[in-house]
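S.K.: So that we are looking at the same thing, I have put the structure below in structure tokens.
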Amino acid sequence: MIVDLKDFVKKVSIKGLTLVSGCFDPLHQGHIAYLRAAAKVGRGVICAVAPDSYVEEKHLLLMTQQQRMEVMDAVRPVDFVVAQPSRTVHDVIRAIGPSYFVKGQDWDKRGLPPEEVLACMEVGAEIVYVNTVLDSSTHIINNLVDRAIARIERSGRM
């Protein structure tokens, strides 16, 4: 269910809520593994979808935030979907106060943004890193572009 963050905070109270976040542009099998693992951590999964401006820092935007929210709403392990208002998910963490903030193992290596760690400490959310299949939407898109360029070069049209 796609919900407004303010409405969610007023109407929903779930003990053991798990927060996940990401761009999901495009959604791929690594995301599905991440969401399935997150669903096993707590009782209910809320998914914060990153803003278009953040996705555009990584690669060309394939889907708008609203479109990505609709896709995430159709994914089984996800119970609620909210728009992430800024580059990091700290505002969402503070607003909903999840019991768990779940990220992929890749974030453990590179480190979460300090404002997200601080927000988790403030609300008492446990940060959980799940070991799922690592994949990257940016990597998928870059591979696609590279293959397309190679095909064009082989055809002599470039």
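The values are calculated or read from the model by the stated rules, or taken from the named source; none is laboratory data. These figures come from a predicted structure and were not determined experimentally. So basically every Cβ, Gly included, is an ideal-geometry build from the backbone, and we count neighbours across all protein chains shown.
S.K.: State whether one or more residues within the stretch 51-66 are touching a residue at least 60 places away in the same chain (Cβ under 8 Å) and in a helix (DSSP H, G or I). Lay out the reasoning, then the answer.
M.R.: Within the stretch 51-66, the first condition is being touching a residue at least 60 places away in the same chain (Cβ under 8 Å), and the residues that meet it are 58-60, 62.
Still in the running and in a helix (DSSP H, G or I): 58.
Yes, there is a match, as at least one residue in the stretch 51-66 is touching a residue at least 60 places away in the same chain (Cβ under 8 Å) and in a helix (DSSP H, G or I).
S.K.: Another question, if that's okay. Which pairs have Cβ atoms under 6 Å, sit 6 or more apart or on different chains, and link a residue in the stretch 102-114 that is under 15 Å from Val41 (Cβ atoms) to one that is of a type outside the set (Lys, Arg) and loosely packed, with under 15 Cβ neighbours inside 10 Å?
M.R.: The qualifying pairs are Gln105/Asn131.
S.K.: Right, something else. Is at least one residue of the stretch 67-83 surrounded by 16 or more Cβ atoms within 10 Å (Cβ to Cβ), part of a helix (DSSP H, G or I), without any contact (Cβ under 8 Å) to a residue 40 or more places away in the chain and touching a helix residue (DSSP H, G or I) at 6+ places or on another chain (Cβ under 9 Å)? First the steps, then the outcome.
M.R.: Going through the stretch 67-83, the residues surrounded by 16 or more Cβ atoms within 10 Å (Cβ to Cβ) turn out to be 68-69, 71-73, 75, 77-83.
If we keep only those that are part of a helix (DSSP H, G or I) too, we end up with 68-69, 71-73.
Next, only the ones that are without any contact (Cβ under 8 Å) to a residue 40 or more places away in the chain stay: none.
Among the residues of the stretch 67-83, not one is surrounded by 16 or more Cβ atoms within 10 Å (Cβ to Cβ), part of a helix (DSSP H, G or I), without any contact (Cβ under 8 Å) to a residue 40 or more places away in the chain and touching a helix residue (DSSP H, G or I) at 6+ places or on another chain (Cβ under 9 Å), which makes the answer no.
S.K.: What number of residues within the stretch 27-46 satisfy the criterion of being among the small types (Gly, Ala, Ser), part of a loop (DSSP other than H, G, I, E, B) and without any contact (Cβ under 8 Å) to a residue 40 or more places away in the chain?
M.R.: Just the residues of the stretch 27-46 that are among the small types (Gly, Ala, Ser), to begin with: 30, 33, 37-39, 42, 44.
From what is left, the residues that are part of a loop (DSSP other than H, G, I, E, B) are 42, 44.
Keeping just the survivors that are without any contact (Cβ under 8 Å) to a residue 40 or more places away in the chain gives 44.
The qualifying residues number 1.
S.K.: May I pose another question? Taking Val92 as meeting all but one of (1) within 18 Å of Tyr34 (Cα to Cα); (2) of a type outside the set (Asp, Glu); (3) buried (at least 16 other Cβ atoms within 10 Å of the Cβ); (4) modelled with pLDDT of 80 or more, write down the number of the exception.
M.R.: Every condition holds for Val92 apart from (1).
S.K.: A follow-up question, please. Would you be able to tell me the number of residues in the stretch 40-53 that are surrounded by 15 or more Cβ atoms within 10 Å (Cβ to Cβ) and modelled with pLDDT under 95?
M.R.: Adding up the residues that qualify gives 2.
S.K.: Which members of the stretch 96-126 meet the condition of being in contact with a Leu (Cβ under 6 Å, 6 or more places away or on another chain), over 20 Å from Asp25 (Cα atoms) and either at pLDDT below 95 or among the hydroxyl-bearing types (Ser, Thr, Tyr) (or both)? Break it down into steps so the answer makes sense when it comes.
M.R.: First, the residues of the stretch 96-126 that are in contact with a Leu (Cβ under 6 Å, 6 or more places away or on another chain): 98-99, 101, 106.
Filter again for over 20 Å from Asp25 (Cα atoms), leaving 98-99, 101.
Correct list: Ser99 only.
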